[in-house]
Every structure is written in structure tokens, then in C-alpha cells.
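First comes the structure, then the notes that go with it.
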Amino acid sequence: MALLARSVLSPSLAVKLSSLGTKLGRERRDRELGETLTELSALPAAHIVRASHEIARAARFGWWQEPSLMDELFGWPPSERKLMATNPNYAWLFLFHPNGRVREAALHSITAPPDSPFFLAALAWRLNDWAEPVRQAAKQCVKRTSSEIPASVAADAALYLLERRFVWGRWRDEADVLDLVFMRDDVLAALARQLGELPTGPLATCLRNALRYPGIDQYLPRLAVAAVQPSVRAVAYKCLISGKATWIAGFEWSWIDKVYGLRRRIPTFETRDLGRDRAATDFVVDGIQDKSAFVRKVVADSMIAVRPQIPDEETLVARLAKDRSSAVRSRADFLLRHPTKT
């Protein structure tokens, strides 16, 4: 018997949403709204997809009918647009409304930047909305607020959102508007700190996706030497030794068997020259001394690709040949069996 997935909303948050959603059909509840938004802000950006459905369900959005003319005259119930007009913070809650027109109106009402990674992810999720008017409203909303989003908020959200570009399927060029946020110098500096200090998570993938922004180049030497995760150090060394930055630019179909109509999606890549102020040899020398065998193997592979740029190859190969890792020694064996042509 399959187990039900655990809710991303805490019991207290679910209760707050239920209470708030029920009372919205009768009156404004600004204080309860503030408390609810504070708890929502604490959710991780990576929970946005599941949370968006759970929030709407817990708050019972749309349970009351559109107000009639008589209801409007007597002021009951207040419409979502009226609530947002009196208190713009309702817009952040109505980003999760099942009615696309309400989501669109909420995005038009937002003028302040998101104050947490979760709400930045919420804007990104609306960029991927099934309704095109909502996607366009989200695009304009991000443009309005992109320069004011705190760097720490954007960097935390980037750890999740940079990989979503080709995972979420509805958006096309709408995703490009997020570059206005992630390419900022202060955001890249904060992101580089995260990539260097965090011990867990798919940080190497995040770094590869961040390579589309030339502003990340200046942090690669530090990441190569001091990043906590070996995979991050390996990506940084590979870039610095090759002098190239490569990232996934999209996907295309490749035929496996045209007779049977079999095909698969394969990634396409873009590459640019990397800004570096040291020779490839310097990074090879540093990299083959890394404490991780995985990093040393990647450095040895990268060394094979740039052999003409390495003047003291024999000394470095001799060091690789004595490495305690058999995978690294195999690279040294290849270099010895295939000397460079003079």
C-alpha cells in the first residue's frame, strides 16, 4: 500500500490558512494575513510546486461565489480584488488562487520585491503558469522588482531555480526574465558564498547553470581551492584548466531508431571563453594536490585536453603516477603511453 506524501505545510500553517481562507469571504483579516505570510516565507524555495497546490486547498480559495450587485452594495463578501486594493499583501497569498484571473490581478498588484526565497520561487512558478496572461503578468512583475530583490534572497532561490529552466515545461522566453535577478553582481557574490560553504545539495549542477553569467568567473579560483563539496571544486578546476565555461542551453530530439520511431531528448550546450588571470598549468598543479580523488581525476582528465599548454608535463605526470587512487594513476598511464608529438 502506497504511503501518502507528507505535506510541506506544517499543521499550524495549514490551520492558519484554513481560518484565514474561511474568513476572507466575510471580512478582512490583516493581522492573520501577516502571520500566515511570515510562516509561508520560511518555506524552502524547493517546496513551491507542492506548496502551491496545498495552499489553495488549505485556504479553500474560490469557495465563495463571485459577489452579485446586491452583495457589492452591502459590501459582502469582499472580492479578492477589493482585498488587494485595500492591502497589497493579499496579492502574495492570491498567487496561489485557482482562478487565473485572480492570479493575474495579484501579479499586477505586487510592487514590492519578494522578501524570501519561497516567494521569489512563487513568482518563478507563475512564470511557468498554464495561462499565458498570468505568465506575462509574472514577467512584468519580475521586471518591476528585479533590482530590489535582496541578494541573499535571490542567491538562496537560485540554488533551486537555476535548474528549473529546462525542467518546468510551460514557459519559454518567460524564464529569461529571471536573468535580470541572477546575473546581478551582488547576487552572484552571494551565490558563490553559498556554493563554497554549503556541505550538501546539488551545488555542482547549480554552478554549471550559473556559468551562463560571466560575473561568476571571478569566484571560480576560490571555489576550486576552498569549496566544501568536491564536486564544486571539480567543476571549477575543469573550467579554469580548459579556459572554457559550458552550460546546458536546451534540449533537442535525437533519433535512436527511425524505423520504430524511437528517439530521446539530449542536451545542447553553449560555451564561452572564461576570464582567468593564471595559466592552465597553475591550476593543474593545485588540482592534483586536492584531497579528493574525484577532484584529482577530473583535473587529470582536464590536463589531457590542454597538454600543449603545459610546459612541465613530465613532472606532473610523474606525480599523478604515484597517486593513491587507481583512477588517477590510469590517467597518468594514458599520458605516458601517448606522449605529445613534437
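The values are calculated or read from the model by the stated rules, or taken from the named source; none is laboratory data. Note that the structure is predicted; figures quoted are calculated from it, not measured. As a convention, Cβ positions derive from the backbone with ideal geometry for all residues, glycine included, and neighbour counts pool all protein chains shown.
Quick notes
- When ALA190 is tested against the conditions (1) crowded, with 16+ Cβ neighbours inside 10 Å; (2) touching a Lys or Arg at 6+ places or on another chain (Cβ under 8 Å), the lone failure is (2).
- Flag if VAL167 is more than 23 Å from GLY34 (Cβ to Cβ), surrounded by fewer than 21 Cβ atoms within 10 Å (Cβ to Cβ) and in contact with a Lys or Arg (Cβ under 8 Å, 6 or more places away or on another chain): no
- Residue identified as within 19 Å of ARG208 (Cα to Cα), more than 27 Å from the chain's Cα centre (by Cα) and not basic (Lys, Arg) among GLY275, GLY287: GLY287
- Residues that are assigned to a helix (DSSP H, G or I) and either at pLDDT below 95 or out of contact with any Gly (no Cβ under 8 Å at 6 or more places or on another chain) (or both), drawn from the range 202-218: LEU203, ALA204, THR205, CYS206, LEU207, ARG208, ASN209, ALA210, GLY215, ILE216
- The range 143-160, residues that are farther than 21 Å from LEU211 by Cβ and aliphatic (A, V, I, L, M): ILE149, VAL153
- Long-range neighbours under 7 Å by Cβ, at least six apart or interchain, first residue closer than 22 Å to VAL167 by Cα within the range 249-267, second of a type outside the set (S, T, N, Q) and not in a strand (DSSP E or B): GLY250/PHE166; PHE251/PHE166
- Identity of the residue in the range 270-287, of a type in the set (Asp, Glu) and surrounded by fewer than 17 Cβ atoms within 10 Å (Cβ to Cβ), that ends up farthest from ALA236 (Cα to Cα): GLU270
- Unique match (being of a type in the set (Lys, Arg), closer than 21 Å to HIS108 by Cα and either modelled with pLDDT under 95 or not assigned by TED's automatic domain parsing to the domain that holds ARG103 (or both)) among ARG172, ARG144: ARG172
- Test result for VAL153, closer than 22 Å to HIS47 by Cβ, within 20 Å of the chain's Cα centre (by Cα), of a type outside the set (D, E, K, R) and at pLDDT 95 or above: yes
- When ARG307, ARG319, ARG296 are checked against the criterion of being in contact with a Ser or Thr (Cβ under 6 Å, 6 or more places away or on another chain), under 13 Å from ARG331 (Cα atoms) and of a type outside the set (Phe, Trp, Tyr), ARG307 stands alone in meeting it.
- 1 or more residues at pLDDT 95 or above: qualifying helices (runs of 4 or more DSSP H) within the range 29-131: 30-41, 48-59, 90-94, 100-109, 117-127
- Filter result (surrounded by fewer than 20 Cβ atoms within 10 Å (Cβ to Cβ) and not in a loop (DSSP other than H, G, I, E, B)) within the range 155-164: none
- Hits in the range 184-201 - residues which are of a type in the set (A, V, I, L, M) and assigned to a helix (DSSP H, G or I): VAL187, LEU188, ALA189, ALA190, LEU191, ALA192, LEU195
- Residue in the range 290-324 that is farthest from ALA224 (Cα to Cα), counting only those that are under 35 Å from the mean Cα position of the chain (by Cα) and among the hydroxyl-bearing types (Ser, Thr, Tyr): SER302
- Residue within the range 131-138 that is surrounded by 22 or more Cβ atoms within 10 Å (Cβ to Cβ) and more than 23 Å from GLY100 (Cα to Cα) present: no
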